[in-house]
Amino acid sequence: MALTRRFRAELETSQAVLDNLEDAVAVFSSAGALTLTNRAYRALWGSDPETRLMTTTVKDVTRLWHAQAAPTPTWGDLREFVEETSDRVEWNAPARHIDGRSLHCRFIPLSDGGTQVVFSVMGDTSQTAGEMRAAA
């Protein structure tokens, strides 16, 4: 029982630490399942994968990202990267959210075969999409 409580406390602490990061983070298993996101991710993409009853895959989220970003081959490249099983190295790519924000995307291989994706919002993010349209 104590072991279970300690494990649960460690999980909650890990999630709290991730939620305190400004960068949006998503983690995929080696099988391509989305296993972890943080608060910044959920805010950036307007999606909380944990509310779904079914497993969310890299294909599911890249469709979401594709719908909310300017056209880029990056999402297809990421799907291939997640499916790779060996000789993976970290890489970066730019993207632009449909609300105009520039994103710096990092794709990081994990030791267990998983993949970490980090989205850093570049520049001024104080205007929402509605505010940008109103100002134009």
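Overview of values
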quantity	calculated
Amide H within-cut-off set for Trp91, under 5 Å, with H built and near neighbours excluded	Phe107
Amide H contacts of Gly114 (H built 1.01 Å from N, under 5 Å, at least 5 apart or other chain)	Ser30
Sequence-distant residues sharing a close amide H with Ala69 (under 5 Å, placed H)	Ile98
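Bear in mind that the values in this text are calculations on the coordinates, not laboratory data. Just so it is clear, the model here is predicted, and its values are computed rather than measured.
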